[in-house]
Structure formats: C-alpha cells, structure tokens
1. For GLU70, indicate whether it is in contact with a Gly (Cβ under 8 Å, 6 or more places away or on another chain), without any contact (Cβ under 8 Å) to a residue 60 or more places away in the chain and within 22 Å of TRP109 (Cβ to Cβ).
2. For the condition without any contact (Cβ under 8 Å) to a residue 40 or more places away in the chain, surrounded by 13 or more Cβ atoms within 10 Å (Cβ to Cβ), under 25 Å from GLU121 (Cα atoms) and in contact with a strand residue (DSSP E or B) (Cβ under 6 Å, 6 or more places away or on another chain), what is the one hit in GLY20, GLY39?
3. Would you be able to tell me the number of residues in the stretch 50-65 that are surrounded by 15 or more Cβ atoms within 10 Å (Cβ to Cβ), among the small types (Gly, Ala, Ser) and either touching a strand residue (DSSP E or B) at 6+ places or on another chain (Cβ under 9 Å) or free of Cβ contacts under 8 Å to residues at least 12 places away in the same chain (or both)?
4. If I filter the stretch 74-88 for residues that are charged (D, E, K, R) and at pLDDT 95 or above, do I get at least one hit?
5. Kindly indicate the residue of the stretch 67-94 that is under 21 Å from ALA115 (Cα atoms) and of a type in the set (Gly, Ala, Ser) and also surrounded by the most Cβ atoms within 10 Å (Cβ to Cβ) among those meeting that condition.
Amino acid sequence: MNQKITSTHELDNNGNPTGGVTVGTGIRINWQNGPLGRGKPLAEIRASDIPRGLSAEDVARKEPNGAFVEGVISAAIDRLQFFQTASGGKFACRENAIALTHLETALLWLGKRSADREAREVEGTHTP
C-alpha cells in the first residue's frame, strides 16, 4: 500500500540542507539537521585541538540529531526481511525479494558516496 506522506525540507542561508520532517500514518521522520563535522568526538578533544577563539564544541564531531536516508532504507530492509522469514516464510514472495535487492543496492551506492566523500575529507560537511 502506498501511503500518502507530507514533508517539509529546510535549507540554511547558503542553500544547505538543515533538516525537516516527513510524516504519514504511522511514520514520523525527523531528518538530520546540519552536518556532523569532521572533528573528533567531544570526549576526545584536547586543548591542543582547539584553535584560538573556538570552543571544543565548535571543533568536535557532533552526534546525529535526526535520521539519515541510509537509516530509513535499513528500516525498510529490516521489515521486508521479516516478511520473508516470518511464520516460516509464509509471507515470502518474489516481489519482496526484488524490493530487498533494490534497497540493498541503494545502501551500497549511498555507502560508496560516503566512502568517496571520506576519501576527499569532506564527509560530515556541506562541501559537495
């Protein structure tokens, strides 16, 4: 069943994504608001890591504050895998298997995108 959803997606003053919300019956996704940054986690920041005039919070890698597309796809994969195996496969079907393949392929490509961004040292930032 294809449910109706409504979404609001927000941008900052530079046109970068800053979060938003997607809702539908039984669904509420609060999207990640802003980049996570490239620094170390706050607990690992030393005074020598902090440039003059900034705080540890300014340079630390931030904790996620919302969902990422990869997490939402993983949730859909989990649900379809449940259908394929629940009650000894009573609800398993070819269509679910094909949908799983495509969702897993989507995660593969999004993972490749992240790996490429990490190799360029821009993962966690709004740098294209």
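1. Spelling it out, GLU70 is indeed in contact with a Gly (Cβ under 8 Å, 6 or more places away or on another chain), without any contact (Cβ under 8 Å) to a residue 60 or more places away in the chain and within 22 Å of TRP109 (Cβ to Cβ).
2. After applying the criteria, what remains is GLY39.
3. Final tally of qualifying residues: 1.
4. Yes - at least one qualifying residue is present in the stretch 74-88.
5. Checked the stretch 67-94; the qualifying residue surrounded by the most Cβ atoms within 10 Å (Cβ to Cβ) is ALA67.
The values are calculated or read from the model by the stated rules, or taken from the named source; none is laboratory data. In this text, all values refer to a predicted model and were calculated from it rather than measured experimentally. Virtual Cβ from ideal backbone geometry, glycine too; neighbours counted across all protein chains shown.
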